[in-house]
Amino acid sequence: MYQEQIDMTRIPEHVAIIMDGNGRWARERGMERTKGHVVGAKLVRQIVEDAVALGIKYLTLYTFSTENWKRPQAEISTLMELLFEHLKLQEEVFMKNGVRFHVIGDIQALPILVRNRVQKLIEKTAANTRSNLVLALSYSSRWEITEAARKLAADAAEGKIKPSEITEETISARLATNFMPDPDLIIRTGGEFRLSNYLMWQASYSELYFTDVFWPDFNKEELCKAIYSFQQRERRFGLTSAQVAEGNEK
């Protein structure tokens, strides 16, 4: 049991997950793809509670990408309906567990009813401080970085910043994720080995974990397995092992 093997004093502060495999999970069982999305949406509630119990401060879930708008309209409609329903159901979980809700992405592209529910949940949970759930909705890294570039260009045009003053920090400050630390661990379910335009700027030194488990079958034990793998790694951030060891001794 990985839950018994992980070091609770070294839990990653920020875990980001690419929730992949809903459609394939359903097809393997002779179901419509949408059934996989229904089961996967229900799982989010439990994973949020598991993350809080483990002490994860930020959990970011790749819920709907800008590329997902290219999917069949019937599937998009189902996903938006599920999102609308489950945002309401999650309110009780957030309040009970002290979870603050955030969204990153082009939310203006979402249906008005979904946008309104998102805003209400953000306001409702604003005072919660135990943990944070971040949904990436209508999100992609290229969209996010493009938006940051536009903000910098506008600031430069208005004389608020000089090109020579643009740094990694000034770019990061204009990203949608500027309120939270970069992810320590990025998990992708479903057997694919790519980040799919997800937190590309922020993932510079994230540890990556890929599993064949489809999202509807992902559970606390699988989350702990990913964390256990994370804890076995040496995070050097460009340094040598000797430098890391020396720094840990100070």
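The values are calculated or read from the model by the stated rules, or taken from the named source; none is laboratory data. Not measured: the values here are computed from a predicted model. Here the Cβ is made from the backbone with ideal geometry for all residues, glycine too, and neighbour counts use every protein chain on show. Quick note on the areas: whole protein, heavy atoms, side chains included, nothing else; ligands and nucleic acids left out. Shrake-Rupley method; radii C 1.70, N 1.55, O 1.52, S 1.80 Å.
Annotations
- Taking each of K70/K160; K35/K124; K42/K120; K88/K220; K96/K151; K70/K96 in turn, the alpha-carbon distance tops 32 angstrom for K70/K160; K96/K151; K70/K96.
- Within the chain, helix-based [θ] at 222 nm, where runs of 4 or more DSSP H residues each add -39,500 (n - 2.57), nearest 500: -14000 deg cm²/dmol
- Given charges at Cβ of Lys, Arg, Asp, Glu: the chain dipole, positive-most of A16, P183, L61: L61
- Prolate/oblate/rounded call for region 78-117, Cα gyration tensor, a/c under 1.5 rounded: oblate
- Axial C-alpha extent at least 15 Å, average Kyte-Doolittle at least 0.0 - helices from the chain (DSSP): 33-54
- Atom-type composition of the exposed protein surface of the chain places 50 percent of the accessible area on carbon and sulfur (1.4 angstrom probe).
- Taking every C-alpha pair closer than 8 Å and separated by at least 6 residues, the mean separation divided by the residue count of region 156-245 gives a relative contact order of 24 percent.
- Per residue, in Å², the accessible surface of region 146-225 once ligands and nucleic acids are set aside, probe 1.4 Å: 52 Å²
- Gyration tensor (alpha-carbon) shape descriptor, region 189-243, a/c threshold 1.5: oblate
- Simple rule: put +1 on each Lys or Arg Cβ and -1 on each Asp or Glu Cβ in the chain, find the dipole, and look at T125, Y205, Y2; the Cα lying farthest toward the positive end is T125.
- Anisotropy class of region 18-151 from Cα gyration tensor, a/c 1.5 cut: oblate
- Legend: residues E4, E158, E75, E49, sorted from most to least accessible area (1.4 Å probe; ligands, DNA and RNA excluded), read E4, E158, E49, E75.
- Computed E for Q73/R236 - FRET, C-beta separation, R0 51 angstrom, nearest 0.05: 0.65
- Region 5-125 - accessible surface per residue (Å², probe 1.4 Å): 49 Å²
- Candidates F230, F210, F179: whichever shows maximal mean-square fluctuation once the chain is modelled as a Gaussian network with Cα springs under 10 Å: F179
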